[in-house]
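Report on the structure given below.
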Amino acid sequence: MTSSEQPSPSRIRVIVVGAGFAGLTAAIECHRKGHDVLLLESFPELKILGDIISFAPNSGRIFQRWLGVDDQLDPIIHKSDGLLFKTYLGETLTRQTWEKERPAYGKAYNGHRGEIHEIIYHHALDVGIDIRLDHKVDDYFETDNEAGVVANGERFVGDVVLAADGVRSKGRTIVLGYEDKPKSSGYAIYRTWFDSAKLAEDPDTAWMVVNGDKHCAWLGPDIHFIAASIKNGKDFSWVCTHKDEADVEESWQAHAPLADAQKVLEGWDPVVQKILKMTPDPLIDWKLVYRDPLPTWISPKRRIALIGDAAHPFLPTSIQGASQAMEDGATLGVCLTRGGKAHVQEAVAAFEALRYERVRAAQKTGEKTRDQWHKANWEEAKKNPESMKLKRGSWLLNFDAEEYAEENYSRTVALLNDPAAVRELHRPNEIE
């Protein structure tokens with residue numbers, strides 16, 4: 001069923017807090033299933049913010065169910081056929097190609113976060129979702145029969161609330177029973193996006209932007225620098241993950257002078273130095289927030305669920321944060337349909353049970369990749385360059401969250417009183 005087709009109304013009232021990718025996906029997927037959706041977003045207007053973001057094939061298939069979205073996304077996404085790995089000194093290690101992945105797993109969508117978000121946001125509006133901007137949620141509440149939020153002094157009440165308002169979500173307090181504070185992961189990311197014209201003029205950097213999109217990762221001691229061109233080489237983006245012990249502030253608006261990145265990357269490959277010289281000043285400096293995995297994502301009365309970063313922030317090296325946020329939304333749409341209005345609490349519990357082990361396994365891939373890149377023995381890496389490649393297992397990428405929830409909902413509900421059994425049921429087989 002595409003997002004333009006209307007099922008029978010379920011009469012389930014869903015309140016979604018936050019219009020990021022988790023919130024928009026949950027809203028669209030719940031709307032697709034006939035639920036009555038209200039989405040509240042604190043920002044007063046839509047802004048095209050950010051830089052590179054990745055949606056793997058496991059979330060790409062969700063985009064493809066939304067009528068017309070693939071046609072709009074395709075012209076703006078990155079289309080290289082592989083990722084080149086180099087040492088920080090410029091020595092080529094290996095190249096990882098994707099030619100076998102697309103036929104096996106499906107299409108990935110990697111591009112500018114703001115441009116992709118704008119398309120999904122307008123799709124949500126086009127299918128009729130009630131989105132209210134400039135509504136800052138200050139509190140969550142629930143009873144056995146309903147749940148809601150307080151925004152701008154007004155109470156909004158529904159059958160279920162989906163907290164998709166990020167790592168600082170106030171929904172976390174009602175779920176955990178206390179207020180928890182994010183802490184620094186010890187890393188931050190310099191990020192940027194700019195026109196590639198100057199890079200095309202220099203023979204040392206032209207290979208990155210001429211004759212189609214390119215993708216290259218330079219790996220060094222506790223640092224990595226990844227650059228990509230997009231839109232047939234017209235646009236250029238790079239990110240640099242580096243050590244950082246500063247206070248935790250997570251914002252796309254936090255700026256840092258280009259000189260800071262030049263200092264961090266001093267002595268690196270001359271090509272990296274030239275890229276830096278052609279980069280506009282300042283950069284975005286994005287602190288990576290760390291949170292211990294939550295014991296639960298759902299509230300005591302099972303009427304409020306944390307989704308996306310509010311439930312499970314990812315390291316960028318997983319390349320799965322946005323995809324897993326979208327899987328949350330697809331899963332919830334199914335669970336609420338299967339449970340029905342009379343069994344919303346059962347549906348919320350089933351959502352968590354279906355997702356928890358898969359999400360944790362996906363998070364661990366990012367931790368493993370960061371460690372294999374940042375703590376590499378370079379002599380060993382040169383002998384075994386395959387060890388630097390991204391882990392791209394079928395269990396992760398060849399996955400349909402909607403289909404999985406449909407097939408496993410009844411079995412999951414039957415095991416809800418046995419947490420160990422239900423988690424064992426959904427623990428992925430990662431041996432590939």
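Every read-out reported here was derived from the displayed coordinates using simple, explicitly stated rules and does not represent laboratory data. Note that the coordinates shown come from a computational prediction; the quantities given were computed from them, not determined experimentally. Note: ideal-geometry Cβ built from the backbone for every residue, glycine included; neighbour counts use all protein chains shown.
Summary table below
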item: Principal axis box of segment 183-290, alpha-carbon based, largest edge first, Å; result: 43, 27, 20
item: Pairwise label distance in nanometres, ASP144 with ARG11, each label 7 Å out on the Cα-Cβ vector; result: 2.0 nm
item: Candidates ILE298, ILE48, ILE284: whichever shows maximal mean-square fluctuation once the chain is modelled as a Gaussian network with Cα springs under 10 Å; result: ILE48
item: Principal axis dimensions, segment 25-122 - Cα atoms, whole angstrom, descending; result: 54, 33, 20
item: Added length on full extension, which subtracts the Cα-Cα distance from 0.36 nm per residue, LEU133 to GLU367; result: 80.7 nm
item: Simple label model, 7 Å out from Cα along Cβ direction - THR173 to ILE48, nm; result: 3.7 nm
item: Gain on full stretching of the segment that runs from GLU201 to GLU357 - 0.36 nm per residue minus C-alpha separation; result: 51.3 nm
item: Equivalent-ellipsoid semi-axes of the chain, from the Cα gyration tensor, Å, largest first; result: 37, 22, 21
item: Between segment 351-382 and segment 312-330, the alpha-carbon center distance in angstrom; result: 13 Å
item: Rounded tilt (10° steps) of 321-339 against the dominant C-alpha axis of the chain; result: 20 degrees
item: Percent of beta bridges antiparallel (DSSP, the chain, rounded to nearest 5); result: 70 percent
item: Within-10-Å neighbourhood charge of ASP292 [Cβ basis; K, R +1; D, E -1]; result: +1
item: Kirkwood estimate for segment 1-52, i.e. one over the average of 1/r between Cα atoms, Å; result: 12.1 Å
item: Segment ASP222-LYS375, length gained on full extension (0.36 nm per residue, minus Cα span); result: 54.5 nm
item: Separation in nanometres of the label points that stand 7 Å from Cα toward Cβ, at ASP81 and LYS301; result: 5.8 nm
item: Positive-end residue, the chain charge dipole about Cα centroid, Cβ charges, pick of ALA26, ALA197, PHE314; result: PHE314
item: Whole-angstrom gap from segment 6-38 to segment 102-180, using each part's C-alpha centre; result: 10 Å
item: Entries of LYS234/LYS364; LYS214/LYS382; LYS287/LYS389; LYS181/LYS274 with Cα pairs more than 30 Å apart; result: LYS234/LYS364; LYS181/LYS274
